[in-house]
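Beneath this line is the structure, given in structure tokens, with notes to follow.
Read the figures in this text as sums done on the coordinates, not as results from a lab. Predicted model, so just to flag it, every value in this text is computed and none were measured. Heads up, the Cβs are rebuilt from the backbone with ideal geometry, glycines too, and the neighbour counts pull from every protein chain shown.
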Amino acid sequence: MTLTFFRRLSPRAQLLVVLAEGTYLAQRWEDEGGVNLYHLSDAGRGFFVEVAIEPEQQRLLILRSFADNTPLADYAHYVQLPEN
């Protein structure tokens, strides 16, 4: 699935695709709570989707898709590589 096709889907359909086909990568924190990062494959290198859900009302707060690496910097602080 391409990013262009993904963005044409409704927010509900996007969320279902992410949860069914996406690979969970990391979580970062904002004032509203945790934002989960997923990767979806396509014929190229794929794209990323951020998802945040308000836990009490199960309301979608953030559903943001992108192919650029720049937003990934927000997750760098939370990544821990194993020591040799």
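One line per residue, one yes/no per condition, for (1) β-branched (Val, Ile, Thr); (2) surrounded by 11 or more Cβ atoms within 10 Å (Cβ to Cβ); (3) within 22 Å of residue 2 (Cα to Cα):
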{"site": "43", "(1), (2), (3)": "no, no, yes"}
{"site": "46", "(1), (2), (3)": "no, yes, yes"}
{"site": "49", "(1), (2), (3)": "yes, yes, yes"}
{"site": "68", "(1), (2), (3)": "no, no, yes"}
{"site": "72", "(1), (2), (3)": "no, yes, yes"}
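Hey, can you tell me all the residues within region 55-78 that are of a type in the set (D, E, K, R) and either in contact with a Gly (Cβ under 7 Å, 6 or more places away or on another chain) or in a loop (DSSP other than H, G, I, E, B) (or both)? Lay out the reasoning, then the answer.
Taking region 55-78 and keeping what is of a type in the set (D, E, K, R), we get 56, 59, 64, 68, 74.
56, 68, listed by residue number.
Are there any pairs with C-beta distances below 8 angstrom linking a residue in region 1-17 that is free of Cβ contacts under 8 Å to residues at least 40 places away in the same chain to a residue that is among the aromatic types (Phe, Trp, Tyr) and assigned to a helix (DSSP H, G or I), with the two at least 6 apart or on different chains, and if so which?
17/6
Hey, can you tell me all the residues within region 7-54 that are under 21 Å from residue 78 (Cα atoms), in a loop (DSSP other than H, G, I, E, B) and more than 13 Å from the chain's Cα centre (by Cα)?
Answer for region 7-54, where residues must be under 21 Å from residue 78 (Cα atoms), in a loop (DSSP other than H, G, I, E, B) and more than 13 Å from the chain's Cα centre (by Cα): 31, 32.
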